[in-house]
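Data first, discussion second: the structure below is written as structure tokens.
Readers should treat all values here as calculations from the given coordinates under stated rules, not as data from a laboratory. Source: prediction; values computed, not measured. FYI the Cβ positions are ideal-geometry reconstructions off the backbone, even for glycines, and counts take in every protein chain you see.
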Amino acid sequence: MKKSIFFTLVILTTFLMGSSFAIGKIGLGYSSPLLLAGIRFLLAGFIMAIIVKVLKRTHPSGMKNWGRAAIIGTLQTAGVMGCIFLSLRTITASESSILTFMNPLLVIILGTVFMGNRYRWYQWIGVVLGFIGVGITLGGINDFRIGIAFGAASAVFWAISTLLVNRWGEHFDTWVLSAYQMLFGGGILIFLSLLLEEPFFHINKHSLFILLWLSIMSSIVQFAVWYFLLQKGEPGKTSSYLFLAPFFGVLTGSVLLNEPISSSLIAGGIFILIGIYLVNNNYKKEVVDNTGYLLNKTK
């Protein structure tokens, strides 16, 4: 693949990742948060389920693997995305994206503590720098808002689901797992919406455009491009470009929502971006999990 095409696709997929925060926040003007997230992933999962059925991709065998897909959907879609949309009610899209994308840092910590994984020294430096960046970012927030807790929780859910997919991924076709975990997670979000909030969705051309963008462009297209890049490029180098996603989250929050970019947000964001780059970079043996994150191990 030509480098120009490769980098164009990298920019596209990381832009779709990062911009979904600002677009999702705009969507909250037309819908309650859990309902918007639920409809988004039910629609995306339904479309992908049709695609994998038509393509005759291998589906999970046995109730055990279907249960694993449901667990991943509960964590990755319901947990991560539910927390993101709830966080956007009280904090900016920039802050939410930075908190959420600290998940690669948590993968290193949780993977070491609970799964016995071992990582390279530069990855641990990345973890330290990343958390320094989070501290700087939060230090610039004058008052505590519940959205900060939801943003941090989304990173925790994402890190746990990353480790589970890394452990269970060999039992699944990647595309099939993604389709059904979105369906499972979307259904849970709809249920939680009915249980925990007063659900509403104002149907008009703006709300439908936002919903379709989040479901198709920020879910299906973003996913397809990302896995295409992982297959065509060197996985470790490709994964290192994930640091661009929170950058686009901050940028689109400023452009689309006129969110202020404070000096603490810039300084903290730089530390976090460097940390994510170091965590995802690889110089030794690599293991790539089914969410696209690189887990480096040494024997």
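In table form, for the structure just shown:
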| read-out | value |
| --- | --- |
| Label-point separation, ASP173 to ARG89 (7 Å along Cα→Cβ), nm | 3.9 nm |
| R0 of 41 Å, Cβ-Cβ distance ASN65-SER263: FRET efficiency to nearest 0.05 | 0.25 |
| Distribution of pairwise C-alpha distances over segment 190-281, 10 Å bins, in % | 13, 28, 33, 24, 3 |
| Span-rule helices in the chain, defined as complete DSSP H runs reaching 30 Å or more along the axis (Cα) with Kyte mean at least -0.5 | 3-27, 33-54, 146-168, 174-196 |
| Rounded to the nearest 20 debye, dipole of segment 42-148 from Cβ charges on Lys, Arg, Asp, Glu | 600 debye |
| For the chain: lysine pairs under 14 Å (alpha-carbon distance), excluding those fewer than 8 apart on one chain | 9 |
| Computed [θ] at 222 nm, helices only, for the chain once each DSSP H run of length n ≥ 4 contributes -39500 (n - 2.57) | -22500 deg cm²/dmol |
| Label point distance in nm, VAL255-THR8, each placed 7 Å from Cα along Cα→Cβ | 1.8 nm |
| Length-normalised contact order for segment 3-296 - Cα pairs under 8 Å, 6+ apart - percent | 39 percent |
| Normalised alpha carbon radius of gyration of the chain [divisor 2.2 N^0.38 Å] | 0.94 |
| Principal axis dimensions, segment 1-40 - Cα atoms, whole angstrom, descending | 43, 16, 10 |
| Stretch gain in nm, segment PHE46-ILE270, where the contour uses 0.36 nm per residue and the Cα spacing is subtracted | 76.9 nm |
| Segment ILE146-ILE109, length gained on full extension (0.36 nm per residue, minus Cα span) | 10.9 nm |
